[in-house]
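What follows is one structure encoded as structure tokens, with my remarks underneath.
The values are calculated or read from the model by the stated rules, or taken from the named source; none is laboratory data. A quick note: this is a predicted structure, and the numbers were derived from the prediction, not measured. Positions of Cβ are generated from backbone atoms using ideal geometry, with glycine treated the same way; all protein chains shown enter the neighbour counts. In case anyone asks, the SASA skips ligands and DNA or RNA and just uses the protein heavy atoms, side chains included. Shrake-Rupley method; radii C 1.70, N 1.55, O 1.52, S 1.80 Å.
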Amino acid sequence: MKEKIGNLLKDVKAFNANNIEQLEDFRIKYLSKKGVITALFADFKDVPPEQRKEIGQLINSLKTTIQEKIVTLKEGFENADKTIVKPDLTLPSDSPLGARHPLSIVRNNIIDIFARIGFTVSEGPEIEDDFHNFSALNFPMDHPARDMQDTFFIEKDPDIALRTHTSSVQVRVMENSEPPIRTISPGRVFRNEAISARAHCIFHQVEGLYIDTDVSFVDLKQTLYYFAKELFGKDTKTRFRPSYFPFTEPSAEMDISCNICGGKGCNICKYTGWVEILGCGMVDPNVLNSCNIDSSKYTGFAFGMGIERITMLKYQINDLRLFFENDVRFLEQFKSSI
Ligand code: PHE
């Protein structure tokens, strides 16, 4: 009898139910009127008196074990029922919507404005060789931009550097295609500059290039007039000031009337009414020749702008470092923009 109870106890302990029906079968098998426990108590009358106390206790403890087992397994099933919540896929999400980064918004705006007049987008590597970043662009060997102070070189190899502008992409486009060329190259660029409210060692540019027969400075001005009015509003005025870049001749910088004070004068435009937004010029014939484009047949113009600067003007942001800190309180303010 003792052995029989021992074996039953082992069975009970080893038992597990996969579902509520299996558990009910288990209950019936052991605890119902015709179940195992009732049968054990029926056999009890044949147990010799001196063993009764011990056997009685064993049967009772078997019964308690069975009851406890049933309670535990049942609780398990009830909790599992609670956690399987079928989601209503038609409900709107309550997780917060992300916002596009202001630099992406403005970059997309710029791409869109130029796409409307036939400019394609080209991209290139961020790690460049000297030829594409400097030599093909007519930088003299002793130009200060080639200095370690201004450019990040890779592992002290003077031939490989992080690109300092996306003009390098345009060299690649010129090498690989025939005019007419109309392209803009947005991308990240790197310069060894101290980080401040107005400068960062990583920033973003959009550079543009247009090459065809008979392209003149008039085409350059007209394209950039259109661009400034599209981006900053139709009342925006523009002016060109002579400047210098190794890869363009003549070169200029374009200012727009300050969109914060409307040209009246404020601290953003340093009370001049004008803010500089880009560099531009006619592509130097040396650059065309370096890229196997016949400079006796073709002319072109190029321009380049920093996306951070344009975004700061457009949204009246006064510290460039905000773009890189990813503070949600800053980013959230651009939710409604495209
Ligand atoms: N590459 C110049 C820069 O990074 C911008 C530029 C492009 C100026 C094309 C003139 C023409 O500052």
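Key figures for this structure:
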| read-out | value |
| --- | --- |
| Table column - 3J(HN,Hα) (Hz), segment 283-295, Karplus curve with 6.51, -1.76, 1.60, x for Gly and Pro | 4, 4, x, 4, 5, 4, 4, 4, 9, 6, 10, 6, 6 |
| Segment 212-267, dipole about Cα centre (Lys/Arg Cβ +1, Asp/Glu Cβ -1), debye to the nearest 20 | 420 debye |
| Karplus (6.51, -1.76, 1.60) ³J(HN,Hα), θ = phi - 60°, over segment 238-249, in Hz, Gly and Pro reported as x | 10, 8, 10, 10, x, 8, 9, 9, x, 9, 10, 7 |
| Probe 1.4 Å, all protein chains present, accessible-area order of F217, F227, largest first | F217, F227 |
| Length-normalised contact order of the chain in % [C-alpha pairs under 8 Å, at least 6 apart] | 16 percent |
| Sequence-distant aspartates and glutamates (8 or more away, or on other chains) whose Cα lies within less than 19 Å of K156 | E126, E128, D129, D130, D142, D147, E193 |
| Nearest-0.05 FRET efficiency for Q67 and D11, computed from C-beta distance (R0 25 Å) | 0.95 |
| Using θ = phi - 60° and Karplus 6.51 cos²θ - 1.76 cosθ + 1.60, couplings along segment 132-137 (whole Hz; Gly, Pro as x) | 6, 8, 10, 4, 5, 9 |
| Full-extension gain in nm, I127 to D94, via 0.36 nm per residue minus C-alpha separation | 7.7 nm |
| Two-site label geometry, I154 and N326: point separation in nm, points 7 Å out along Cα→Cβ | 2.4 nm |
| For segment 209-224 versus segment 109-130, the gap between their alpha-carbon centres in whole angstrom | 17 Å |
| Degrees separating the helix 217-232 axis from the principal Cα axis of the chain, which is the longest one | 40 degrees |
| Computed [θ] at 222 nm, deg cm²/dmol, the chain (DSSP H ≥ 4; -39,500 (n - 2.57); rounded to nearest 500) | -12000 deg cm²/dmol |
| Cα gyration tensor category, rounded, prolate or oblate, for segment 183-266 with a/c compared to 1.5 | oblate |
| Amide H contacts under 5 Å for N192, placed H, 5+ residues apart | T151, F152 |
| Long-range HN-HN contacts of S243 with modeled amide H, under 5 Å | S251, A252, E253 |
| Distance violations [Cα-Cα > 25 Å] among K221/K335; K86/K335; K270/K335; K4/K53; K221/K314; K234/K314 | K221/K335; K86/K335; K270/K335 |
| Long-range HN-HN contacts of W274 with modeled amide H, under 5 Å | C258 |
| Length-normalised contact order for segment 62-220 - Cα pairs under 8 Å, 6+ apart - percent | 20 percent |
| Where I211, I117 fall by accessible area, highest first, once all protein chains stay in place (1.4 Å) | I117, I211 |
| Ranking by accessible area, most exposed first, for K234, K10 with a 1.4 Å probe | K234, K10 |
| Inter-centroid distance (Cα atoms) of segment 1-44 relative to segment 133-168, Å | 85 Å |
| Computed accessible area, L91, all protein chains, 1.4 angstrom probe, square angstrom | 120 Å² |
| C-alpha long axis of helix 167-176 to longest principal axis of the chain, angle in ° | 80 degrees |
